[in-house]
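Engineer: Would you mind keeping the following structure in view while I ask a few things?
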Amino acid sequence: MAAVDDLKFQEFDDAANLLAANPDATTISIDEPAAVPKNQHGRLQEPGREEDDELLGTDDSDKTELLAGQKKSAPFWTFEYYQTFFDVDTYQVLDRIKGSVFPVPGKNFVRLYIRSNPDLYGPFWICATLVFTIAVSGNLSNFFIHLGQPTYHYVPEFRKVSIAATTIYAYAWLVPLALWGFLVWRNSKVMNIVSYSFLEIVCVYGYSLFIYIPTAILWIIPQNVVRWVLVMFSLCLSGSVLVMTFWPAVRDDNRRIALATVGTIVLLHALLAVGCLAYFFDAPELDFSAPISPDHNGTTVIIES
Amino acid sequence: FAGLADVSISEDIPVEGEITVPVGSRSPDEDYSTLDEPVRDTIMRDLKAVGKKFVHVMYPKKSSALLRDWDLWGPLVLCVSLALMLQGGSADSKDDGGPQFAEVFVIIWFGAVVITLNSKLLGGTISFFQSLCVLGYCILPLTVAMLVCRLVLLAGSGTISFIVRLIVVVAMFGWSTLASTAFLADSQPPNRKALVVYPIFLFYFVISWMILTFTPQ
């Protein structure tokens, strides 16, 4: 009978214990890579590209870069393939949302937060939340604006939900598709250091829509000035994230094309905000603000709003 | 394995015996043929299972009834009754009214499927139909809220009725979300629980909104 012990799986001790037992054994230690590849396409680094490093965000430790090559190996007809797009934890999603709202000057959103792990959870659920937020806020805002009028009868306006859904999901998926196609086409003509995959672009666009959720809630306030200030503010924040993400990708191109691309990105973003504001939110009543004149009898002029 | 070579089956030992599996003590569930029982028994058994799950939803504690013995009768009944009560909200024109029957139906089932897919994609261990079952059954508090709202609206539709409806809907919304979270949260990986709970919150919020904004003709 063979020795049963030979067949047992041998447990391996801690590295420290093993080393203590056999101090002369060769050891290999795998640390964080000290020399992180400065650009991911392995081309020669030109001296004038230091700002690229900052934008690429390689100053931070890149542990996940080691694993980047091992992802997404399942064939596309299996369920596991799609699970790789949802491989995020709660804190990662929160970090990405934070990164889309507070643009850090000089840091690229994709390199800093996504790092070869684009997820579809954020874009999908942020878009869903935005759809319902806009529909509900628009309904509420219209209700409050028309509240005093005797002829007003409240309607839930449910059809607008499907319109909102179509618009927002089309924006979040078709614009990245167009942008990705455009970047791939330009990439074949002009060698760019930075190029993004389709999912990374979808990811950036999805997370950049997050700022519109609190904006939509605040649009309930029935003041035109407040609404437009909110539009400008949110546009600046998320627009700057988009610009800082895509500027390195088109910078090497013809100057006019680069500017036109970035300009179109911002313009479409603004169009979405303005379009939603115009369609879902009725204009607040005109306020006739008559100047308050100091009346002798103490009566005051009522400002109608 | 040197020792095994010595073992051999002697020709003297006859090999005989019975191959049939002995039927021991008959437990009442096996061999139970449901073809011969009266129809009433069949229906009552399913109804009792559904009713038991309703009770589990209203008093959510850890129970395996909803998860292990899932069924979709309860969600179907709840969904249909909720959609029937919600349809035909007031509309000046056809476009501005409340959701129609088909819209409510699709929202509930499509929403539940999307949430289930979401939780499975995030690495949840619950099965597809178990999750659908839980989400469907946890609509029960909201259906109760709809019933209460319709009764309150029969009495009048002023501010007081609105406040009453608001309180009822908010309470039932909280109950639904907590009940479904209690059943579903354990099957999720620990650092992604919030990612799974949030869509459930959104789903019940949308249904609550539809209930709250229902205005009769």
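Engineer: Based on Cβ point charges of +1 for Lys and Arg and -1 for Asp and Glu, what charge dipole magnitude is obtained for region A:83-281 about its Cα centre, in debye rounded to the nearest 20?
Structural biologist: Here the size comes out at about 460 debye.
Engineer: Also, quick follow-up: Quantify how strongly other chains surround peptide A:155-167 by giving the mean number of their Cβ atoms within 10 Å of each of its Cβ atoms.
Structural biologist: 5
Engineer: Determine the shielding of peptide B:100-112 by partner chains: average, over its residues, the number of Cβ atoms on other chains within 10 angstrom of each Cβ.
Structural biologist: 1
Engineer: Per-residue counts of other Cβ atoms within 10 Å, averaged by peptide: what ranking do you get for A:247-254, A:177-184, highest first?
Structural biologist: Going from most to least packed, we get A:247-254, A:177-184.
Engineer: While we're looking at this one, here's another question. Around B:V196, with a cut-off of 15 angstrom between Cβ atoms, what is the net charge of the other residues, counting Lys and Arg +1 and Asp and Glu -1?
Structural biologist: It works out to a net charge of -1.
Engineer: Further, regarding this structure: Taking 0.36 nm per residue of separation and subtracting the Cα-Cα distance, what length does fully extending B:L153 through B:I167 add?
Structural biologist: Values: separation 14, 0.36 × 14 = 5.04 nm, distance 1.40 nm.
Stretched out fully, the B:L153 to B:I167 stretch lengthens by 3.6 nm.
Engineer: Something else now. Label A:L267 and B:F110 with points 7 Å out from Cα along Cα→Cβ: what is the distance between them in nm?
Structural biologist: In this crude label model, A:L267 to B:F110 measures out at 3.3 nm.
Engineer: Could you work out the mean count of beta carbons from other protein chains within 10 Å of each residue's beta carbon in A:141-148?
Structural biologist: Mean inter-chain Cβ contacts per residue within 10 Å come to 0.
Every number here is computed from the coordinates shown, using simple stated rules; none is lab data. Computed from a predicted model, the values in this text were never measured in an experiment. Every residue, glycine among them, receives a Cβ derived from its backbone with ideal geometry; neighbour counts consider all protein chains shown.
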